[in-house]
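The values are calculated or read from the model by the stated rules, or taken from the named source; none is laboratory data. Everything numeric here is computed off the predicted structure, so don't read it as measured data. Neighbour counts are summed over all protein chains in view; Cβ atoms, including those assigned to glycine, are modelled from backbone coordinates with ideal geometry. Protein only, heavy atoms only, side chains kept; ligands, DNA and RNA dropped before computing areas. Shrake-Rupley method; radii C 1.70, N 1.55, O 1.52, S 1.80 Å.
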Amino acid sequence: YLEHGLGAQEGVVKLFYIGAMFRAERPQAGRQRQFHQIGIEAIGSASPLSDVENLHLLNQFLSELGAGKFRLRINHLGCGEDRPAVIARLQEEISPLRSQLCEDCQQRFERNILRILDCKRETCREKIFPKTGDIFAQICSSCQDHFKRVKEGLELAEIAYEVDAHLVRGLDYYTGTVFELSTDELGAQDTLAAGGRYDRLVEELGGKPVPATGWALGTERLLMILKDKIGAGLKPAPTPVYIAVTSESLQGEGFKLLSHLRQAGIASGMDFENRSLKGQFRAANKKGSQYVVLLGDEEWGRGEVVLKDMQTGTQEIVLREKVVGIIKNVILSERTT
């Protein structure tokens with residue numbers, strides 16, 4: 001966005017990415033050093049509806065994939081001006097408990113105390129949560145109004161959610177709306193996607209102040225959920241035309257015809273394993289072929305091929321130099337009707 005000057009464009013810049021990611025820090029249990037991610041960014045709008053639009057896209061994407069039931073939790077961290085007061089309150093509440101917390105939380109106390117709220121250890125959560133349940137209730141009126149409008153937008157889009165007052169994101173640049181989407185199908189590491197608003201990130205990286213929001217989805221985790229659905233719900237595309245040959249000597253000519261059909265934009269297939277004619281017709285049926293072009297020694301010697309309609313069982317002898325045009329005309333007329 002910064003390197004290519006996308007901010008000079010008018011309106012909101014919407015991007016997506018799919019690719020490999022790498023963790024620099026020590027991976028937590030159940031996480032990998034290298035993993036893959038699908039993500040989106042909407043850069044240029046501070047509107048609560050931009051937050052809702054991204055969540056609607058995520059919800060629609062997972063629903064259409066058949067990813068099952070998931071749970072959306074949301075929170076609002078306040079703006080940069082709210083952060084000092086929130087941190088001061090956290091330090092005040094957690095300081096007496098610091099020695100009782102895990103080693104990671106003791107380090108977070110110094111580096112980024114908000115991350116303590118993200119600790120997954122039950123012993124820490126039992127001590128911290130009763131003290132910090134309303135920690136973000138003191139955010140400014142503008143942020144409270146923003147969060148109210150996000151919730152109203154989710155209700156308009158008929159997206160179920162729950163407010164989690166302890167939800168934070170692991171990266172320091174998040175401000176405003178944050179969310180996580182989890183599922184019961186992943187075990188302990190139940191978060192499938194997460195994101196939120198980061199209105200100061202572009203400025204921190206050297207650009208002008210630009211509001212932004214987005215999310216990221218763990219590809220490996222998504223595949224874990226879909227592993228039983230992949231294959232079961234997918235059907236191979238039909239191959240309208242199948243080339244069959246009565247002898248191995250005609251296989252080269254069959255391949256030449258196959259290439260001509262494909263160049264004409266007609267999905268075609270043929271057998272390269274020298275199977276019997278019966279086996280080739282069986283393969284044509286399996287691929288859902290509407291027509292079989294049969295190359296027989298006798299017909300080929302006369303410059304002809306047999307064109308068989310697999311649906312009606314009828315067949316005709318046609319000149320081999322005209323068969324591609326005949327098939328193309330028939331298939332195109334069927335597509336237009």
Inset, instruction - With label points built 7 Å along Cα→Cβ from the Cα atoms of Ala85 and Lys131, find their separation and express it in nm. - result: 2.1
Legend entry - Modelled FRET efficiency - R0 25 Å, Glu92 with Ser182, Cβ distances, 0.05 increments: 0.25
Inset, instruction - Using a 1.4 Å probe over the heavy atoms of the protein chains, calculate the carbon and sulfur portion of the accessible area of region 1-150 as a whole percent. - result: 50
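Could you state, as a whole-number percent, how many of the C-alpha pairs of region 1-119 are farther apart than 24 Å? All intermediate terms of the calculation are to be shown ahead of the outcome.
Details: 3856 of 7021 pairs.
The share of Cα pairs beyond 24 Å in region 1-119 comes to 55 percent.
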Inset, instruction - Using a 1.4 angstrom probe on heavy atoms only, work out the carbon and sulfur share of the accessible area of region 244-285 in %. - result: 50
Inset, instruction - Specify the residue with the greatest mean-square fluctuation among Ala88, Ala212, Ala67, computed from a Gaussian network of the chain linking alpha-carbon atoms under 10 Å apart. - result: Ala88
Legend entry - Listed residue (Thr123, Ala160, Ile139) projecting farthest to the positive dipole end of region 113-164, Cβ model: Thr123
Inset, instruction - Just grab the label-to-label distance for Lys227 and Glu110, each label 7 Å out from Cα along the Cβ direction, in nm (one decimal). - result: 4.0
Inset, instruction - State in Å² the accessible area per residue of the chain; use a 1.4 Å probe, count heavy atoms of protein chains only, and round to the nearest integer. - result: 56
Legend entry - Reachable aspartates and glutamates, given that their alpha-carbon falls under 16 Å from the alpha-carbon of Lys151 and they are not under 8 places away in the same chain: Asp51, Glu53, Glu162, Asp164, Glu180
Legend entry - Distant-in-sequence amide H partners of His36 (H built 1.01 Å from N, under 5 Å): Met21, Thr219, Glu220
Legend entry - Accessible-area value, Arg262, 1.4 Å probe, nucleic acids and ligands omitted, Å²: 130
Legend entry - Cα-based equivalent ellipsoid, region 95-249: semi-axes from gyration tensor eigenvalues, Å: 44, 22, 17
Inset, instruction - Wrap a convex hull around the Cα atoms of the chain, take a quarter of its surface area, and give that in square nanometres. - result: 24.6
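Per 0.36 nm of contour for each residue apart, how much would the distance between Glu152 and Arg121 grow if the chain were fully extended, relative to their Cα-Cα spacing? Provide the component values of the computation, followed by the final result.
On the way: separation 31, 0.36 × 31 = 11.16 nm, distance 3.27 nm.
Gain in length upon complete extension: 7.9 nm.
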Legend entry - Candidate lysines for bridging to Lys287, where Cα separation is under 17 Å - those fewer than 8 sequence places away on the same chain excluded: Lys235, Lys278, Lys308
Legend entry - In degrees, nearest ten, helix 251-263 long axis to first principal axis of the chain (Cα): 50
